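Q: This is the structure I want to talk about, given as structure tokens.
The values are calculated or read from the model by the stated rules, or taken from the named source; none is laboratory data. The shown structure was predicted, so the numbers you read here are calculated from the model rather than taken from an experiment. For neighbour counting, all protein chains shown are included, and Cβ atoms are generated from backbone atoms with ideal geometry for every residue, glycine included. The area values use the complete protein model at the heavy-atom level, side chains included, leaving out ligands, DNA and RNA. Shrake-Rupley method; radii C 1.70, N 1.55, O 1.52, S 1.80 Å.
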Amino acid sequence: MRAQILIAFITTIVGCAMAADSTLAATPPMGWNSWNRFACKVTADDVRAAADAIASNGMEAAGYVYVNIDDCWQGDRDEQGRIRPNAKFPDMKSLVDYIHSKGLKAGIYSSPGPKTCAKYEGSYGHEEQDAQEYANWGFDYLKYDWCSAEKVYRRSDMTAAYKKMHDALVRTGRPMVFSLCQYGYERVWRWGASVGGNLWRTTEDITDQYDRMSVIGFDQDGLEPFAGAGHWNDPDMLEVGNGGMNHDEYITHMSLWVLLAAPLLAGNDLSKMNQETLDILTNREVIAVDQDAEGVQGRRVAQEGPLEVWAKPLADGSVAVGLFNRGESTNPVNVNFKDVGARSSVHLRDLWQRKDLGSFTGSYTGDVPRHGAILLKIQ
Ligand code: GLA
């Protein structure tokens, strides 16, 4: 009996060390990442400015926590092989301390390959050392991007390459969210959590264009069984506010991402954004759909040509529903309450308008603008 208890205990410990840590990303991670707006031009000052903005503009209060440096922070390795930041990041420790002083958390980026996607130093052969350095600096999050790993690993080694870094992170003793970025190769949603991934990219890169964003977002249907507390599908970071889409298109972007229980990593210049962008990023009722405690990823429940209805069940028994119009002119989009698992008599609230619409029986039809969306809560 004692032996059985001991075996159960050891299995639990080993299991915990191997699987994604669900205390780290109990709901989809929220924050900011430098890549979509700053790419390789990013500096420590840009990152500080992002932290300042989140802490003062209402984003922190709305749930945004992580301030993540993407590619292009790396310099050379010293004689001991320790990774040094480049001249744009003169003091990583003080930058992370600064982010922490705002009540926020900090994220960093590397690759399992010898070089990152932008050809900076990767972690290949230095996994242990790099994980320790990130912990020394105080980081709370690592995005680990496949990039040149293709040159040194076979596809079949991919899980081992990711697990190697996860084990190194665990050994530092510092909890760090582990973000897998390998563009959905090898059906990562099937094994991402088993190598410690708290989130994994399901696609190639997003761009700030409606066509690209919508292809990625609307393509996520079917991946919902693989998402849950501690391990999320990641259809890539937000482009809201970067200027390549109009208001309705950004409303579609945000509505779809919250229905997908996607990580919400703003990708714009937070120090210069207008009120319209801030309103999209910080609508509490919309964010509550993403961060819902039930942790269910939404799915498509109806489609007629360019018109789509998506639904996400919520913890309080209500359902969040998106009415989407991918067409080129305003169209009525209809939701049948039975399609989304609701009763036939319901109460509706429009989450973008923050307005109760009243009681409805059977179905509801809303006029949705070209490339736009209506986000409803059905109670
Ligand atoms: C890849 C990733 C992007 C970004 C860049 C950085 O393309 O998918 O999100 O991290 O690399 O070089």
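Q: Taking the residues in segment 79-104 that are in a helix (DSSP H, G or I) and touching a Gly at 6+ places or on another chain (Cβ under 8 Å) as candidates, determine which candidate is least open to solvent (accessible area, probe 1.4 Å). Reasoning before the result, please.
A: If we filter segment 79-104 for residues that are in a helix (DSSP H, G or I), which is where we start, we get 92-101.
Going one step further and asking which of them are touching a Gly at 6+ places or on another chain (Cβ under 8 Å), we end up with 93, 96-97, 100.
Working: 93: 88, 96: 1, 97: 70, 100: 64 Å².
By that ranking, first place goes to 96.
Q: Can you tell me how many residues in segment 277-305 are open to solvent by less than 60 Å² (accessible area, probe 1.4 Å) and without any contact (Cβ under 8 Å) to a residue 40 or more places away in the chain?
A: Our first condition is that a residue be open to solvent by less than 60 Å² (accessible area, probe 1.4 Å); within segment 277-305, this holds for 277-278, 280-283, 285-292, 295-298, 300-302, 305.
From what's left, without any contact (Cβ under 8 Å) to a residue 40 or more places away in the chain: 277, 288, 301-302, 305.
Of the residues in segment 277-305, 5 are open to solvent by less than 60 Å² (accessible area, probe 1.4 Å) and without any contact (Cβ under 8 Å) to a residue 40 or more places away in the chain.
Q: Report those strands (runs of 3 or more DSSP E) wholly inside segment 126-235 carrying at least 1 residues which are over 26 Å from residue 372 (Cα atoms). Spell out how you get there, then give the answer.
A: On the way: elements: 141-145, 177-181, 199-201, 232-234.
Correct list: 141-145, 177-181, 199-201.
Q: When you scan segment 152-206, how many residues do you find that are within 16 Å of the ligand (Cβ to nearest atom) and among the basic types (Lys, Arg)?
A: The qualifying residues number 1.
Q: Is at least one residue of segment 239-250 away from the ligand (no atom under 16 Å from the Cβ), part of a helix (DSSP H, G or I) and under 20 Å from residue 39 (Cα atoms)?
A: no
Q: Please go through segment 138-153 and give me each residue that is in contact with a helix residue (DSSP H, G or I) (Cβ under 6 Å, 6 or more places away or on another chain) and open to solvent by 20 Å² or more (accessible area, probe 1.4 Å), ordered by number.
A: 153 - this is the single residue of segment 138-153 that is in contact with a helix residue (DSSP H, G or I) (Cβ under 6 Å, 6 or more places away or on another chain) and open to solvent by 20 Å² or more (accessible area, probe 1.4 Å).
Q: Being open to solvent by 30 Å² or more (accessible area, probe 1.4 Å) and modelled with pLDDT under 95 narrows it down to one of 343, 326, 354, so name that one.
A: Values: 326 fails: modelled with pLDDT under 95; 354 fails: modelled with pLDDT under 95.
Of 343, 326, 354, the one residue that is open to solvent by 30 Å² or more (accessible area, probe 1.4 Å) and modelled with pLDDT under 95 is 343.
Q: Right, something else. Among helices (runs of 4 or more DSSP H) lying entirely in segment 28-78, which contain 3 or more residues that are away from the ligand (no atom under 16 Å from the Cβ)?
A: Numbers: elements: 35-38, 44-56, 59-62.
In segment 28-78, the matching helices (runs of 4 or more DSSP H) lie at 44-56, 59-62.
Q: Need pairs with beta-carbon distance below 6 Å; first residue more than 24 Å from residue 278 (Cβ to Cβ) and within segment 352-369, second part of a loop (DSSP other than H, G, I, E, B); sequence gap 6+ or separate chains.
A: 361/344; 362/344; 367/330
Q: Right, residue 255: modelled with pLDDT of 95 or more, assigned to a helix (DSSP H, G or I) and surrounded by 20 or more Cβ atoms within 10 Å (Cβ to Cβ) or not?
A: Values: modelled with pLDDT of 95 or more: yes; assigned to a helix (DSSP H, G or I): yes; surrounded by 20 or more Cβ atoms within 10 Å (Cβ to Cβ): yes.
In short, yes.
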